[in-house]
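Notes follow the structure.
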Ligand SMILES: Nc1ncnc2c1ncn2[C@@H]1O[C@H](COP(=O)(O)OP(=O)(O)OP(=O)(O)O)[C@@H](O)[C@H]1O
Ligand SMILES: [Mg+2]
């Protein structure tokens with residue numbers, strides 16, 4: 001444990017803050033006593049060897065782990081100072097504010113348009129013209145508009161993997177979340193698609209608070225402002241990306257980013 | 001394992017698989033081809049002119065001029081045969097009858113004369129007198145008997161067996177009556193004592209009657225043979241005249257054969273061959289099948305037979321038809337005429353009814369199992385129950401339907417469509433639950449995550465993402481269950497099926513039982529009084545049922561392909 005100096009009040013510009021946050025799968029403790037703040041409008045990269053609990057932590061931020069039987073948490077995880085695991089919290093409302101992009105592109109087997117409109121329609125009836133506008137804006141935001149504007153009504157499953165992933169980003173953007181969680185969004189993509197998505201993240205930063213899990217050190221250093229290094233469920237080091245990559249404080253961090261393990 | 005042996009195993013396995021596949025295909029073909037070919041024969045066949053006549057008189061079909069013309073052509077030919085038959089039956093074998101009448105008169109004249117001479121001979125002891133009377137009767141009736149035989153044979157030859165048999169019957173009464181009169185006459189009474197009179201009467205009555213009786217027996221055997229021939233002809237060509245047609249109660253007897261294949265069969269089995277009673281030496285009577293042509297050799301019956309054989313096509317007027325009414329007409333006279341409309345309607349009612357009950361219940365249960373139920377002992381117990389239910393024999397469901405739905409819940413007074421549908425629904429429910437749960441489970445978890453991740457609720461996710469994605473394979477499962485419901489027999493025996501009846505209206509489904517294909521197939525194959533006459537209907541029904549089930553499966557395939565393309 002590193003974060004001995006426990007500070008229970010989140011920093012003023014923190015959107016997501018964890019305090020002594022643990023996650024258990026049954027009795028197995030997968031994430032251990034995390035204390036971290038994700039700053040507003042910043043991109044935070046989460047790195048670490050496989051199985052260290054990156055996904056687990058990320059999925060807790062919009063409570064996707066509720067789907068996993070036997071997954072429990074302790075400690076505090078807050079969104080804008082509100083406890084995410086509070087009993088009376090509206091989970092759907094939380095998920096609308098915290099969008100997520102998964103490792104594998106997972107568009108619905110519906111048209112491209114319907115995919116983007118899905119989350120918007122959830123909020124209730126909306127005029128067709130307004131919906132059109134939101135869809136276009138989201139697709140432009142995800143840098144996909146030019147490629148699909150002529151085939152909005154064709155199936156999303158006909159898109160390439162990179163396009164599908166950008167569609168999933170557009171789908172997440174369409175409901176204007178505060179936070180965007182990305183779990184290895186480029187791991188199934190070729191370098192060109194990866195580059196596009198990295199550009200996209202760069203464009204989105206500032207407007208959205210983004211947390212991205214990645215195994216690609218270059219990617220982490222390119223796109224993120226801050227980096228968190230996880231190891232065996234612990235948060236080993238957290239700080240500005242430039243500092244972590246040039247001058248890590250911990251031996252494990254250094255070993256990991258120089259490729260000695262993981 | 002080295003490379004060589006791996007190759008040998010691979011190739012021998014693929015060969016084995018091919019052989020077993022080929023065997024399977026061959027078995028399916030061997031099973032379905034006859035059904036398809038013979039089943040198609042129920043509505044595509046060579047008909048006779050009777051076919052249109054039946055359609056016109058029973059189903060109000062409008063006949064074209066050509067069809068009317070054809071019926072007329074056939075009728076003219078039949079008329080010839082029928083008039084010969086009628087003439088044959090009415091013919092009086094006057095010659096033969098005259099012989100017998102004359103014989104009887106002569107016999108009684110002789111009797112009187114000889115009795116007188118016996119009586120006038122004085123002082124005869126009673127035993128001598130008895131003997132004398134016996135001698136008289138032998139001398140009189142000896143001739144008489146041989147003449148009766150001769151006349152009988154003559155009548156046989158002329159084909160006048162019917163009228164002559166009746167005539168002989170009358171003669172026998174006549175002789176007895178005259179003998180009584182004679183022996184009781186005043187003149188005789190005065191001369192002999194009662195005892196002697198009785199002896200006289202016995203001796204004069206006995207002999208002729210036994211002789212007449214023998215002839216009558218012979219003639220009645222011939223008559224019986226003739227009537228089997230005639231009923232064969234009736235079966236083939238229809239009733240001989242309007243009077244007979246009106247007197248027939250069963251519709252099947254009002255018409256000749258309407259299909260050429262049946263006509264040939266009837267001709268070979270009931271016209272070419274007849275059943276006769278043969279009495280052996282010990283007096284035991286047995287039925288025997290003999291050739292008509294041999295039995296009636298040299299008689300007018302043979303001529304009629306030859307005429308039918310020679311003019312067979314002209315009589316039947318064969319022509320190829322498509323009988324769409326097989327699917328839309330009600331059956332007449334236990335399916336011997338008409339179509340299978342009520343059975344098709346009944347099958348649809350039962351199938352759709354069971355679907356309307358089972359599909360919603362099954363889908364709801366499947367959604368519960370795959371989306372809501374947390375893994376627990378109760379859930380797995382429930383799943384085991386569903387699995388067990390799926391393995392319960394269908395006859396048990398039938399009994400359950402009768403005992404619980406009808407007798408306990410009283411959802412209807414007796415068998416009814418609704419009771420049958422509910423029973424079938426219970427039967428297919430477990431399969432639907434299982435297949436739908438399986439379909440829902442096979443929806444990728446990523447869809448759920450994507451939907452929930454966008455802030456959708458569980459119910460919304462199920463309705464807009466999971467159900468649409470699972471729909472094609474759910475529909476496949478449901479439609480295959482529907483095919484099963486359409487073909488199940490045991491459950492509806494107890495709860496819904498009846499062997500005859502007309503198509504039900506929608507309002508009757510709560511109260512009335514219905515004919516339905518699976519049950520009627522069984523019924524018409526094993527319980528039918530004339531099963532060999534409705535073979536085409538049997539195959540037609542099986543064909544239709546298979547058609548319904550296969551087209552349901554085809555619909556499933558098409559729906560799935562359509563939905564998957566979307
Ligand atoms: N559904 C689950 N049930 C039980 N244990 C799980 C489950 N998901 C993950 N775990 C365990 O939790 C730990 C952390 O897993 P997690 O998926 O968060 O790792 P990760 O850092 O995302 O790894 P990777 O880089 O390979 O994606 C692992 O030990 C894993 O075995
Ligand atoms: Mg992971």
| said: For residue A:41, only one of the following conditions fails: (1) under 23 Å from residue A:208 (Cα atoms); (2) not in a loop (DSSP other than H, G, I, E, B). What is its number? | reply: (2)
| message | Exactly one condition in (1) within 16 Å of ligand 1 (Cβ to nearest atom); (2) surrounded by fewer than 24 Cβ atoms within 10 Å (Cβ to Cβ); (3) in contact (Cβ under 8 Å) with a residue 24 or more places away in the chain is false for residue A:110; which is it? | response | (1)
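Does residue A:55 satisfy the criteria of being in a helix (DSSP H, G or I), at pLDDT 90 or above and within 16 Å of ligand 2 (Cβ to nearest atom)?
Values: in a helix (DSSP H, G or I): yes; at pLDDT 90 or above: yes; within 16 Å of ligand 2 (Cβ to nearest atom): yes.
Yes; evaluated as a whole, the condition is true for this residue.
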| request: For residue A:16, indicate whether it is at pLDDT below 95, within 14 Å of the chain's Cα centre (by Cα) and either in a loop (DSSP other than H, G, I, E, B) or more than 9 Å from ligand 1 (Cβ to nearest atom) (or both). | output: yes
| query | How do the pairs read when you match residues in segment B:54-66 that are outside any helix (DSSP H, G or I) with residues anywhere that are at pLDDT 90 or above, using Cβ under 6 Å and keeping only pairs 6 or more apart or on different chains? | reply | B:61/B:55; B:63/B:52; B:63/B:56
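Kindly evaluate residue A:25 against the criterion of being within 16 Å of ligand 2 (Cβ to nearest atom), more than 15 Å from residue A:228 (Cβ to Cβ) and away from every other protein chain (no Cβ under 13 Å). Explain how you work it out, then say what you get.
On the way: within 16 Å of ligand 2 (Cβ to nearest atom): yes; more than 15 Å from residue A:228 (Cβ to Cβ): yes; away from every other protein chain (no Cβ under 13 Å): yes.
The answer is yes for residue A:25.
Helices (runs of 4 or more DSSP H) wholly in segment A:67-141 with at least 3 residues that are away from chain B (no Cβ under 14 Å) - which ones?
On the way: elements: A:91-97, A:112-122, A:128-141.
In segment A:67-141, the matching helices (runs of 4 or more DSSP H) lie at A:128-141.
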| message | Scan segment A:186-194 and tell me whether some residue there is assigned to a helix (DSSP H, G or I), more than 16 Å from ligand 1 (Cβ to nearest atom) and surrounded by fewer than 16 Cβ atoms within 10 Å (Cβ to Cβ). | response | yes
| Taking the stated definitions as given, is residue B:470 touching a helix residue (DSSP H, G or I) at 6+ places or on another chain (Cβ under 6 Å), buried (at least 23 other Cβ atoms within 10 Å of the Cβ), within 14 Å of chain A (Cβ to nearest Cβ) and closer than 26 Å to residue B:385 by Cα? | yes
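Regarding segment B:406-413, can at least one residue be identified that is surrounded by fewer than 21 Cβ atoms within 10 Å (Cβ to Cβ) and either touching a helix residue (DSSP H, G or I) at 6+ places or on another chain (Cβ under 6 Å) or not assigned by TED's automatic domain parsing to the domain that holds residue B:347 (or both)?
Yes, some residue in segment B:406-413 is surrounded by fewer than 21 Cβ atoms within 10 Å (Cβ to Cβ) and either touching a helix residue (DSSP H, G or I) at 6+ places or on another chain (Cβ under 6 Å) or not assigned by TED's automatic domain parsing to the domain that holds residue B:347 (or both).
Residue B:376 - would you say it is within 30 Å of residue B:82 (Cα to Cα) and surrounded by fewer than 15 Cβ atoms within 10 Å (Cβ to Cβ)? Before the answer, list the steps.
Details: within 30 Å of residue B:82 (Cα to Cα): no; surrounded by fewer than 15 Cβ atoms within 10 Å (Cβ to Cβ): yes.
Here the answer is no, as residue B:376 does not meet what is asked.
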| said: Exactly one condition in (1) more than 14 Å from every other protein chain (Cβ to nearest Cβ); (2) without any contact (Cβ under 8 Å) to a residue 24 or more places away in the chain; (3) crowded, with 16+ Cβ neighbours inside 10 Å; (4) more than 16 Å from ligand 1 (Cβ to nearest atom) is false for residue A:176; which is it? | reply: (1)
| task | Would you point out which residue out of B:410, B:415 is in a loop (DSSP other than H, G, I, E, B), away from chain A (no Cβ under 14 Å) and touching a strand residue (DSSP E or B) at 6+ places or on another chain (Cβ under 8 Å)? | result | B:415
| request: Being under 20 Å from residue A:184 (Cα atoms), in contact (Cβ under 8 Å) with a residue 60 or more places away in the chain and more than 11 Å from ligand 1 (Cβ to nearest atom) narrows it down to one of A:63, A:104, so name that one. | output: A:104
| For segment A:38-56, what are the residues that are out of contact with any helix residue (DSSP H, G or I) (no Cβ under 9 Å at 6 or more places or on another chain) and near ligand 1 (Cβ under 7 Å from one of its atoms)? | A:50, A:51, A:52, A:53, A:54, A:55
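Just to be sure, is residue A:163 free of Cβ contacts under 8 Å to residues at least 40 places away in the same chain, in a helix (DSSP H, G or I) and surrounded by fewer than 20 Cβ atoms within 10 Å (Cβ to Cβ)? Show your work before the answer.
Values: free of Cβ contacts under 8 Å to residues at least 40 places away in the same chain: yes; in a helix (DSSP H, G or I): yes; surrounded by fewer than 20 Cβ atoms within 10 Å (Cβ to Cβ): no.
Here the answer is no, as residue A:163 does not meet what is asked.
What do you reckon, is residue A:212 more than 16 Å from ligand 1 (Cβ to nearest atom) and away from every other protein chain (no Cβ under 14 Å)? Talk me through it step by step, then tell me what you get.
Details: more than 16 Å from ligand 1 (Cβ to nearest atom): no; away from every other protein chain (no Cβ under 14 Å): yes.
It is false that residue A:212 is more than 16 Å from ligand 1 (Cβ to nearest atom) and away from every other protein chain (no Cβ under 14 Å).
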| Which of the residues that make up segment B:487-513 are crowded, with 23+ Cβ neighbours inside 10 Å and within 14 Å of residue B:354 (Cα to Cα)? | B:488, B:491, B:492, B:495, B:496
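Would you pick out the residues in segment A:176-203 that are touching a strand residue (DSSP E or B) at 6+ places or on another chain (Cβ under 7 Å) and away from ligand 2 (no atom under 16 Å from the Cβ)? Please lay out each step first, then the result.
The first filter runs over segment A:176-203 and keeps only residues touching a strand residue (DSSP E or B) at 6+ places or on another chain (Cβ under 7 Å), leaving A:177-185, A:201.
Within segment A:176-203, A:177, A:178, A:179, A:180, A:201 meet the criteria.
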| note | Residue hits (segment A:35-72; over 18 Å from residue A:100 (Cβ atoms) and over 16 Å from the mean Cα position of the chain (by Cα)) are A:35, A:49, A:50, A:51, A:52, A:69, A:70, A:72
| message | Go through segment A:204-219 and report how many residues are within 16 Å of ligand 2 (Cβ to nearest atom) and in a strand (DSSP E or B). | response | 3
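Here is a list: B:341, B:322. Which entry is touching a residue at least 24 places away in the same chain (Cβ under 8 Å), more than 25 Å from residue B:500 (Cβ to Cβ), surrounded by fewer than 21 Cβ atoms within 10 Å (Cβ to Cβ) and touching a strand residue (DSSP E or B) at 6+ places or on another chain (Cβ under 9 Å)? Outline the logic, then answer.
Numbers: B:341 fails: more than 25 Å from residue B:500 (Cβ to Cβ).
One residue alone meets the criteria, B:322.
The values are calculated or read from the model by the stated rules, or taken from the named source; none is laboratory data. Treat the numbers as computed from the prediction; the structure is a model and nothing was measured. As a convention, Cβ positions derive from the backbone with ideal geometry for all residues, glycine included, and neighbour counts pool all protein chains shown.
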